[in-house]
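Let me begin by presenting the structure, written as structure tokens, before commenting on it.
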Amino acid sequence: MWLAVIGTICVIAVAPFLFEAQRVTISQTVRDRSGGHFARLKDGVTHYRWHGPDTGPVVVAIHGLTTPAVVWDAIIPTFTDRGFRVLSYDLYGRGLSDAPKAPQSVDFFVSQLVALLDDQAIEAPATFVGYSMGANISASFAVENPARVDRMIVVAPAGIEPTRTLFDRLACSVPPLGDWLFAACATGRMRRQSLGSAKPKPIEDMQRFQLSRRGYLPAVLSSMRGALARSLRQEHIAISNAGIPMLAIWGRDDTAVPLRGLGTLATWNRGAEHVDVAGAGHGLPYTHSAQVNDAIAGWLDAGAKRR
């Protein structure tokens, strides 16, 4: 009986990690069918797409923790209709990009961004649009490379007023138990949270794919422990001191990045402009894309008149 109990415990202990090892890898056939492009950077292959005209000022769109670059599909036309070229890409471990095993700190993602910009020969100052964790990446990049940043738009920006569930706190702060907990439970939790909401079909399809691919869940946990682990107060103060224009867009009903962050960011960067979207949660780039687009369009057009 004791052997059976011990055997059962061992199976429970290793099962989540065996499931991860059995998840699919991204095949070249899948990448060939994607319609995108792939850059071989120093830390791995990065999937990216260009949108809009061949010439014009560049916009770089950086997605958040769980949903890859497809999250921008409803927002990109607001830029391209105004003559911008938009570069969207998948962060490591998401979408069709590789999932290197390095700790996913903000610096890790800034390194990916710098390598991609250099690969694409983007030297002129660009507009950076960051969603959730992507706002952390764009803010850190701006502090390190202010000459490469023309202006910034942050949507539901992380790194200001973080909130975490008990599950997230346990997974992040109690390794290796947290690794087991996340590996065992995250798929079901994310499937209910992500696929249970009214997402456009391309996003839903990509989420299903990600949950079946190897490296995705470990990447999410690593980012929670790294890129999302600290306040970006100093970065936002530095952006304010550098005089980089910023628009911040918030969801009034966002529980992941609560609206109280607006007041906090306003004290760090008094020059930033803010728009809050009624009825919007954390998924506002696709649930309330019309309102987000209106906010971006108004800000861009007003800025064009001032220049």
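Listed values, structure above:
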read-out	value
Selected residue [crowded, with 18+ Cβ neighbours inside 10 Å and without any contact (Cβ under 8 Å) to a residue 60 or more places away in the chain] from Leu117, Leu96	Leu117
Phe128 being more than 24 Å from Gln210 (Cα to Cα) and surrounded by 15 or more Cβ atoms within 10 Å (Cβ to Cβ)	yes
Residue satisfying condition, being at pLDDT 95 or above and of a type in the set (A, V, I, L, M, F, W, C), within set Ala39, Ala13, Ala4	Ala39
Options Ala248, Ala256; residue that is small (Gly, Ala, Ser), outside any helix (DSSP H, G or I) and at pLDDT below 95	Ala256
Residue match in the stretch 72-87 (condition: open to solvent by less than 20 Å² (accessible area, probe 1.4 Å), under 20 Å from Ala227 (Cβ atoms) and not hydrophobic (A, V, I, L, M, F, W, C))	no
Criterion violated by Asn293 - all others in (1) under 14 Å from Glu161 (Cβ atoms); (2) surrounded by 15 or more Cβ atoms within 10 Å (Cβ to Cβ) satisfied	(1)
All positions within the stretch 121-169 that are touching a His at 6+ places or on another chain (Cβ under 6 Å) and on the phi > 0 side of the Ramachandran plot	Ala156
Condition check for Gly243: open to solvent by 20 Å² or more (accessible area, probe 1.4 Å) and more than 22 Å from the chain's Cα centre (by Cα)	yes
Criterion (free of Cβ contacts under 8 Å to residues at least 60 places away in the same chain and surrounded by 24 or more Cβ atoms within 10 Å (Cβ to Cβ)) met by exactly one of Ala147, Ala69	Ala69
Filtered residues of the stretch 226-240 (kept if buried (at least 19 other Cβ atoms within 10 Å of the Cβ) and either under 20 Å from Gly283 (Cβ atoms) or charged (D, E, K, R) (or both))	Ala227, Leu228, Glu235
Candidates Gly283, Gly261 - the one that is under 16 Å from the mean Cα position of the chain (by Cα) and closer than 15 Å to Ser132 by Cβ	Gly283
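The values are calculated or read from the model by the stated rules, or taken from the named source; none is laboratory data. No experiment lies behind these values; they were computed from the predicted model shown. Neighbour counts are summed over all protein chains in view; Cβ atoms, including those assigned to glycine, are modelled from backbone coordinates with ideal geometry. Protein only, heavy atoms only, side chains kept; ligands, DNA and RNA dropped before computing areas. Shrake-Rupley method; radii C 1.70, N 1.55, O 1.52, S 1.80 Å.
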